[in-house]
């Protein structure tokens with residue numbers, strides 16, 4: 001069977017499934033590009049608001065309570081019920097293509113449902129089987145037709161193991177930084193120095209684990225730097241109250257900005273950040289950072305036997321070496337985070353070296369428009385468009 005010999009006729013829908021806010025971010029521009037090329041293409045999704053604005057019909061809203069790491073029994077039960085509803089939806093709508101977006105734990109069972117129904121599967125965002133539990137590559141081979149990779153080293157890794165893959169680049173790097181617009185947006189923000197950004201992540205569980213560490217490190221910096229100013233980058237308005245509760249007593253020099261991550265990065269001189277995609281946003285603007293992710297000790301013990309990488313944060317993984325301080329997994333107090341921050345604040349050469357290394361990392365994405373390359377590959381798995389009806393001479397006479 002060739003890539004275009006799908007079992008479904010032209011007009012069959014495409015199904016996207018995304019279960020985290022980051023998945024909503026990654027899927028939306030690809031959906032928009034597909035709809036631009038094929039306005040009549042039916043795209044349905046278990047997904048978020050950005051996917052809906054891009055043109056997908058949302059079957060169920062997802063992503064508001066995403067988890068990272070080992071899910072609890074309630075979450076496992078929830079996804080079992082979601083899978084049952086997706087199976088019923090597939091039986092009724094007969095999609096031609098399933099595009100799982102990140103979240104392999106949630107998406108792998110859905111891929112199996114799709115393949116069992118003769119549906120092609122194209123992963124958007126490569127499952128990180130190269131990092132841990134590498135035996136999952138066998139499962140991936142059975143449950144995908146192609147993997148669209150966001151990181152430069154992934155394409156070669158997957159192809160060497162029998163999985164067809166394409167490095168598409170990353171949506172974050174499709175457009176250059178508009179420094180003028182960002183400067184105007186932060187013109188009335190507090191001055192002072194050092195200016196510290198706190199990036200607590202978007203998942204509720206990771207905020208609860210990591211934000212007390214970030215604000216603990218900030219309190220020490222506040223004690224040692226009289227002119228300090230800080231901004232917390234919150235992803236959603238509803239989390240502000242939780243952040244203030246976790247950070248009580250709240251430092252007078254610290255404010256919260258919601259939905260303005262790029263502006264916070266532009267304003268800051270140094271970022272204390274929970275590991276995730278936001279580290280690439282920071283790298284794009286060449287801001288020095290310290291990366292942290294706190295693990296539960298009980299979970300971390302078995303992970304030692306399945307994790308296959310010595311680096312964890314995205315800038316370091318892409319660089320292939322440690323260019324940014326990363327405390328992952330972190331079990332201790334806020335003090336080591338503050339120590340790394342102080343080094344970067346007081347050693348100009350170390351900060352400059354990190355900026356140079358971050359520039360080399362982001363240069364690897366130059367010239368790639370991820371949404372367009374992804375749409376190119378996805379289109380090869382779609383049936384040819386149904387031909388326009390041709391009016392016969394007799395029909396023209398009759399009309």
Does residue 94 satisfy the criteria of being closer than 20 Å to residue 161 by Cβ, more than 23 Å from the chain's Cα centre (by Cα) and surrounded by fewer than 17 Cβ atoms within 10 Å (Cβ to Cβ)? no
Let me confirm something: among 121, 99, which residue is in a strand (DSSP E or B), farther than 17 Å from residue 314 by Cβ and touching a helix residue (DSSP H, G or I) at 6+ places or on another chain (Cβ under 6 Å)? 121
Could you tell me which residue of the stretch 354-368 is surrounded by the most Cβ atoms within 10 Å (Cβ to Cβ), considering only residues that are in a helix (DSSP H, G or I) and in contact (Cβ under 8 Å) with a residue 12 or more places away in the chain? 358
Given (1) in contact with a helix residue (DSSP H, G or I) (Cβ under 8 Å, 6 or more places away or on another chain); (2) in a helix (DSSP H, G or I), identify the lone condition not met by residue 264. (1)
From the list 140, 182, pick out the single residue that is closer than 22 Å to residue 283 by Cα and either surrounded by fewer than 22 Cβ atoms within 10 Å (Cβ to Cβ) or under 21 Å from the mean Cα position of the chain (by Cα) (or both). 182
Could you please find all residues in the stretch 184-207 being farther than 19 Å from residue 230 by Cβ and modelled with pLDDT of 95 or more? 184
Qualifying residues in the stretch 11-39 (those that are out of contact with any strand residue (DSSP E or B) (no Cβ under 9 Å at 6 or more places or on another chain) and without any contact (Cβ under 8 Å) to a residue 40 or more places away in the chain) - the one nearest to residue 59 (Cα to Cα): 39
Index of the failed condition, residue 375 passing every other in (1) touching a helix residue (DSSP H, G or I) at 6+ places or on another chain (Cβ under 9 Å); (2) in the same structural domain as residue 289 (by TED's automatic domain parsing): (2)
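Go through the residues of the stretch 326-343 one by one and say whether even a single one is under 28 Å from residue 174 (Cβ atoms), outside any helix (DSSP H, G or I), within 20 Å of the chain's Cα centre (by Cα) and modelled with pLDDT of 95 or more.
If we filter the stretch 326-343 for residues that are under 28 Å from residue 174 (Cβ atoms), which is where we start, we get 326, 328.
Among the residues that remain, those that are also outside any helix (DSSP H, G or I) are: 326, 328.
Retained after the next criterion (residues that are within 20 Å of the chain's Cα centre (by Cα)): 326, 328.
Those still in the list that are modelled with pLDDT of 95 or more too: 326.
Taking every residue of the stretch 326-343 in turn, at least one turns out to be under 28 Å from residue 174 (Cβ atoms), outside any helix (DSSP H, G or I), within 20 Å of the chain's Cα centre (by Cα) and modelled with pLDDT of 95 or more.
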Residue list for the stretch 38-84, filter: modelled with pLDDT of 95 or more, part of a helix (DSSP H, G or I) and either surrounded by 13 or more Cβ atoms within 10 Å (Cβ to Cβ) or under 23 Å from the mean Cα position of the chain (by Cα) (or both): 49, 50, 51, 52, 53, 54, 82, 83
Here is a list of conditions, (1) without any contact (Cβ under 8 Å) to a residue 40 or more places away in the chain; (2) touching a strand residue (DSSP E or B) at 6+ places or on another chain (Cβ under 7 Å), and residue 129 meets all of them except one; can you say which number that is? (2)
Restricting the first residue to the stretch 92-114 and requiring it to be outside the structural domain of residue 138 (by TED's automatic domain parsing) and within 15 Å of residue 44 (Cα to Cα), which pairs with a second residue that is surrounded by 23 or more Cβ atoms within 10 Å (Cβ to Cβ) and at pLDDT 95 or above meet a Cβ separation below 8 Å and a spacing of at least six or different chains? none
Any hit, the stretch 4-11, residues being at pLDDT 95 or above and in a loop (DSSP other than H, G, I, E, B): no
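The values are calculated or read from the model by the stated rules, or taken from the named source; none is laboratory data. Please read these numbers as outputs of a predicted model, since none were measured by experiment. Cβ atoms come from the backbone with ideal geometry, glycine included; neighbour counts cover every protein chain shown.
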